[in-house]
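Quick notes on the structure that follows.
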Amino acid sequence: MDHLDHRILSALRVYGCDPRVAGAARALSWAGEHGALWLAAGLAGAAVDGARRGAWVRGTALTAGAHLVSLGVKRVVRRPRPAHVEPLVRTAGRHSFPSSHAASAAAAAVAFGMLATCRGGDSGRTTAPLATTATRVALPPLATAMCLSRLVVGVHYPSDVAAGAALGALTACAGGRWMRGGADD
């Protein structure tokens, strides 16, 4: 598995030689630090979608929770970051497994994607305002780009990213009932 991880990372890191790709990957890495992009998106959703403000806040909490869980797993596993490629960004920590960027990205995509099934307002009807529609359309590709950026900048192995994304998605799914069930705040 390590050999395959090294080969895939080396192949994807090559895309970082293109200044446009490297710039985009660096920007995503910066925006995703500590889940900032996803937390901001959740709080913005809460601000503009008053009918489901509580669900947005709970989805944001799930996203933050996934990030925190990934940090805890990193402290236990302590896998070093890739040393066979030159990284394009500095990292906040020394450990690689799982990718916290991938965990928060996947958690946000899943949690905020669930908002289409959340009820809002006094009518109890399912609503799909622009904020939710934009989230369902934009978040999955943006989350995928965030995950790939960690490979392009050379700071994670593919298995780190896959594990982080799985952890984030599972965290959001585990909290889905809580998120949807109390959406009538």
- Residue list for the range 17-31, filter: open to solvent by less than 60 Å² (accessible area, probe 1.4 Å) and either touching a strand residue (DSSP E or B) at 6+ places or on another chain (Cβ under 8 Å) or within 25 Å of residue 74 (Cα to Cα) (or both): 25, 27, 28, 29, 31
- In the range 86-137, the residues that are at pLDDT 80 or above and open to solvent by 40 Å² or more (accessible area, probe 1.4 Å): 86, 87, 90, 91, 92, 94, 97, 110
- Lone qualifier among 84, 3, 67 - being under 22 Å from residue 148 (Cα atoms) and under 18 Å from the mean Cα position of the chain (by Cα): 67
- Message: Looking only at the range 8-30, count every residue that is within 15 Å of residue 145 (Cα to Cα) and without any contact (Cβ under 8 Å) to a residue 40 or more places away in the chain and tell me the total.
- Response: 3
- residue 4 is checked against (1) assigned to a helix (DSSP H, G or I); (2) surrounded by 14 or more Cβ atoms within 10 Å (Cβ to Cβ) and fails just one. What number does that condition carry? (2)
- If you go through the range 42-61 one residue at a time, do you hit one that is among the basic types (Lys, Arg), at pLDDT below 90 and either surrounded by fewer than 16 Cβ atoms within 10 Å (Cβ to Cβ) or touching a helix residue (DSSP H, G or I) at 6+ places or on another chain (Cβ under 7 Å) (or both)? yes
- Note on the structure: For residue 34, the lone unmet condition from (1) more than 10 Å from residue 104 (Cβ to Cβ); (2) surrounded by fewer than 17 Cβ atoms within 10 Å (Cβ to Cβ); (3) not acidic (Asp, Glu) is (1)
- Message: All but one of (1) in contact with a strand residue (DSSP E or B) (Cβ under 7 Å, 6 or more places away or on another chain); (2) assigned to a loop (DSSP other than H, G, I, E, B) hold for residue 88; state the number of the condition that does not hold.
- Response: (1)
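The values are calculated or read from the model by the stated rules, or taken from the named source; none is laboratory data. On a predicted model such as this, the values are computed, not experimentally measured, just so you know. Neighbour counts run over all protein chains shown; Cβ positions are idealised from the backbone, glycine included. Quick note on the areas: whole protein, heavy atoms, side chains included, nothing else; ligands and nucleic acids left out. Shrake-Rupley method; radii C 1.70, N 1.55, O 1.52, S 1.80 Å.
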